[in-house]
Amino acid sequence: MPGQYRFSVDHLVKEAGEVHRLGVPAVVLFGIPAGKDETGSQAWSADGVVPRAIAALKDHVPGLVIITDVCIDEYTSHGHCGVVRGGRVLNDPTLELLARTAVSHAAAGADIVAPSDMMDGRVGAIRAALDDEGFEQIPIVSYAAKYASAFYGPFREAAESAPSFGDRRGYQLDPANVREALRECELDVREGADALLVKPALPYLDVVRAARERFELPVGAYNVSGEYAMLKAAARDGWLDERQAALESLTAIKRAGADFIVSYWTKELAEWL
């Protein structure tokens, strides 16, 4: 992923300060732990990399909105987003771990939590846990329509989160199905989601539009690593103009109905604009 880096906490503070001065209002934190285990226990550790990063950003970049990714795939030795037993990913036992992770982020000072695991019922479990711990004000941005996509490859390599066996088609959405995505969105709305996210963005603009037309909540789209990397590669070979192609792509996502966009182009976009 050209131009993208994994940051230690001290370097993250410098980068976040720079992008905030450029006008970027929020960042999404993904943590890579020093060690991994079967349950991904570092995901909810009070002294884990994400809580430490939150504390540092709150101290040094006031006003920056901090959103945290709530999932355990980056923390598990097997790379799946849930508890694995007997070669199967188990939905219900995972919910408690996701809730604990969200609470640990809120306790560290996160402004928003964003579950990306696609386990059924996780928004309700996280909402209940946050409320029980006194974090009723923390919004949940749900990856409500996250597809089993080929476009995640560069991020999985960078985050060392590729599954060690099988794939994630058992809990992520079928790329051919839009009606299931809308059902997932509806369930998350009922469970207390405050905003919905479609991932990836460009191959699923119809899903962004359908969600925008169906629901009153803010709807966002995640312009994922593969979408970013393929334009970077084409620009590197001189096949297209990078700035023009990036702006056209992001405009298309906005035109489809996205109220907000998560993108690896954000810093460059802020500089261009």
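Of all DSSP beta bridges in the chain, what percent run antiparallel (nearest 5)? Mind dumping the intermediate values first?
On the way: 3 of 25 bridges.
Once the DSSP bridges in the chain are tallied, antiparallel ones form about 10 percent.
Taking packing as the residue-averaged number of other Cβ atoms within 10 angstrom, the listed peptides 264-271, 131-138 run from highest to lowest as 264-271, 131-138.
At 25 °C and 0.890 mPa s, what whole-number value in µm²/s does Stokes-Einstein give for the translational diffusion of segment 59-111, with Rh from the Kirkwood sum over Cα pairs?
Numbers: Rh = 12.6 Å.
Roughly 195 µm²/s, to the nearest whole number.
Shape descriptor for the chain: Rg over Rh equals 0.94 (Cα atoms; Rh from the Kirkwood inverse mean 1/r).
Considering only protein heavy atoms and a probe of 1.4 Å, how much of the accessible area of the chain is carbon and sulfur, as a whole percent? Before the final figure, lay out the partial values.
Numbers: 6360 of 12400 Å².
Here carbon and sulfur together make up 51 percent of the probe-accessible area.
In the context of the full set of protein chains, the chain has a per residue accessible area of 45 Å² (1.4 Å probe). Springs join every pair of Cα atoms under 10 Å in this Gaussian network model of the chain, and among 55, 258, 99 the largest mean-square fluctuation is at 55.
Whole-percent P(r), segment 189-273, all Cα pairs, 5 Å bins from 0: 3, 15, 25, 22, 16, 10, 5, 3, 1, 0.
Based on the alpha-carbon gyration tensor of segment 32-133 and its eigenvalue square roots a ≥ b ≥ c, which shape applies: rounded if a/c is under 1.5, prolate if not and a/b is larger than b/c, or oblate?
Oblate shape, in that a/c is at least 1.5 and b/c is the bigger or equal ratio.
For segment 105-146, how big is Rg over Rh, using alpha carbon atoms and the Kirkwood form of Rh?
Ratio of gyration radius to Kirkwood radius: 0.95.
Pairs of Lys residues in the chain are counted when their Cα atoms are under 21 angstrom apart and they lie 8 or more places apart or on different chains; the count is 11.
The values are calculated or read from the model by the stated rules, or taken from the named source; none is laboratory data. Everything numeric here is computed off the predicted structure, so don't read it as measured data. In this analysis, Cβ positions are derived from the backbone assuming ideal geometry, glycine residues included, and neighbour counts consider all displayed protein chains. Just so you know, the surface numbers come from the protein's heavy atoms only, side chains and all, with ligands and any DNA or RNA stripped out. Shrake-Rupley method; radii C 1.70, N 1.55, O 1.52, S 1.80 Å.
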